[in-house]
1. Can you confirm whether the range 66-81 contains a residue that is touching a residue at least 12 places away in the same chain (Cβ under 8 Å), assigned to a loop (DSSP other than H, G, I, E, B) and either farther than 20 Å from residue 20 by Cα or touching a Phe, Trp or Tyr at 6+ places or on another chain (Cβ under 6 Å) (or both)?
2. Would you check if residue 67 is touching an Asp or Glu at 6+ places or on another chain (Cβ under 9 Å) and hydrophobic (A, V, I, L, M, F, W, C)?
3. Run down 260, 289 and say which single residue is without any contact (Cβ under 8 Å) to a residue 40 or more places away in the chain and aliphatic (A, V, I, L, M).
4. Any residue at all in the range 165-182 that's crowded, with 22+ Cβ neighbours inside 10 Å, of a type in the set (Gly, Ala, Ser) and either free of Cβ contacts under 8 Å to residues at least 24 places away in the same chain or in contact with a helix residue (DSSP H, G or I) (Cβ under 9 Å, 6 or more places away or on another chain) (or both)?
5. Pull up the range 188-200, narrow it to residues that are of a type outside the set (Asp, Glu) and within 20 Å of residue 230 (Cα to Cα), then point me to the one that is surrounded by the fewest Cβ atoms within 10 Å (Cβ to Cβ).
6. Go through the range 9-31 residue by residue and tally those that are in a helix (DSSP H, G or I) and either of a type in the set (Val, Ile, Thr) or free of Cβ contacts under 8 Å to residues at least 12 places away in the same chain (or both).
7. Considering every residue within the range 308-324, establish whether at least one is over 23 Å from residue 196 (Cα atoms) and surrounded by 14 or more Cβ atoms within 10 Å (Cβ to Cβ).
Amino acid sequence: MHVAFVSFETLEHRESETNRRFREVVEGICDGGHDVHVFCAQFWAGEESIYERGGITYHAVSTGLDARASFLLRLPFVLASARPDVIHASATPPGQVIAANWGSRLARCPFVLEWYGDGGVAEDRLTRWATSQPDRIVTPSELVGTWVQETGAETEQVTPIPNRIDTDLIRDVVPAAQVEVVYARRLDEGANLESLLLALAEIRQRGWNAVVIGDGPERERYEELASDLRIDDRVRFAGECSREERVAVYRGAHVFAQTAERCVFPTEMLWALASGCVGIVEYHADSSAHELVEGWDRGFRTTSEQELTNAIISAGDLEYRDFDDRFTAFDRSAIRDQYLELYRTLQDQSGVL
């Protein structure tokens, strides 16, 4: 299958959850042996307009991020000349959605929109109009799907496909020393780590220890809070860790606690659950984390500090695991197959063979 991906800005231009998710989708389709082309602003050195790396062909529709107008004007015609089977675009900027839609009309192929939502979903007129363009909108969770529908998309237009993990990597990593509770996230204003620290302080008489993975502007404040609560000798702030280091901690941990106030998809929690952790989620209106544990016997959803404390105690009665095959459905090959099935469904509906 020949798939044209469209993203004016890429991970090479700027690190963001949206750009990383889009990169993973592109790599997943490429790993499946398909012909993958990315149409973007140029990020490589030299005057060549085409750049190949890892089996992916990148096309410079503009010379850089300063040439957005040129990118939007040229995009429909560049896509039409590529004659792809499917066009798959990132939702930002919204002008790119409209240009990519014109490209799909000229190329007479289905148009899929990737809407991650880590920056929220704007409610301006251009964004609302952009939601009406694609044949299907992919979101990472039902939460983001609801946001997109509130902006104007039809219910049947939205398909949630979660982030991916690598179950082979999890199996290959040796578990770290056992720990009772682990938390992982960038320590910024939305981390809400204080909920977990307060809950742990309530059971300081019990024999537990905890690890906090991640760094950020609020780290010092959280370290001071742990000291004020007199639990700093039992909470280790590990800072930034590699993927393998994180998985090792998760495989050695009993509980993963998710208390962040905003989360379009709980990627670290998913890695931890697949690594055998019991999942405890503090519910927040702008977080989709509860979607992962609903209806699962090793998951807890809490709405208060006392419920969070009780959940940590109750989780202690559940067996320790270092892998959970329930989450192989989130493996990178399974997620790739969901996208390919979507592409083929849209082709069938449009009469494209």
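1. Looking through the range 66-81, none of the residues is touching a residue at least 12 places away in the same chain (Cβ under 8 Å), assigned to a loop (DSSP other than H, G, I, E, B) and either farther than 20 Å from residue 20 by Cα or touching a Phe, Trp or Tyr at 6+ places or on another chain (Cβ under 6 Å) (or both).
2. Details: touching an Asp or Glu at 6+ places or on another chain (Cβ under 9 Å): no; hydrophobic (A, V, I, L, M, F, W, C): yes.
No, not satisfied.
3. Details: 260 fails: without any contact (Cβ under 8 Å) to a residue 40 or more places away in the chain.
So the residue among 260, 289 that is without any contact (Cβ under 8 Å) to a residue 40 or more places away in the chain and aliphatic (A, V, I, L, M) is 289.
4. no
5. To start, the set of residues in the range 188-200 that are of a type outside the set (Asp, Glu) comprises 190-193, 195-200.
Applying the additional criterion that residues be within 20 Å of residue 230 (Cα to Cα) yields 192-193, 195-200.
Numbers: 192: 18, 193: 24, 195: 20, 196: 25, 197: 21, 198: 15, 199: 25, 200: 25.
In this case the residue turns out to be 198.
6. Qualifying residue count, the range 9-31: 5.
7. So the first thing to find is which residues in the range 308-324 are over 23 Å from residue 196 (Cα atoms), and the list is 323-324.
Retained after the next criterion (residues that are surrounded by 14 or more Cβ atoms within 10 Å (Cβ to Cβ)): 323-324.
Yes, that holds for at least one residue.
Yes/no per residue for (1) in contact (Cβ under 8 Å) with a residue 60 or more places away in the chain; (2) part of a strand (DSSP E or B); (3) in contact with a His (Cβ under 7 Å, 6 or more places away or on another chain); (4) outside the structural domain of residue 172 (by TED's automatic domain parsing):
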| position | (1), (2), (3), (4) |
| --- | --- |
| 276 | no, no, no, no |
| 279 | no, yes, no, no |
| 295 | no, no, no, no |
| 309 | yes, no, no, no |
| 319 | no, no, no, no |
| 322 | yes, no, no, no |
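The values are calculated or read from the model by the stated rules, or taken from the named source; none is laboratory data. All figures in this text were calculated on a predicted structure; none of them were measured in a lab. Cβ sites come from the backbone with ideal geometry, for glycine too, and all protein chains shown count toward neighbours.
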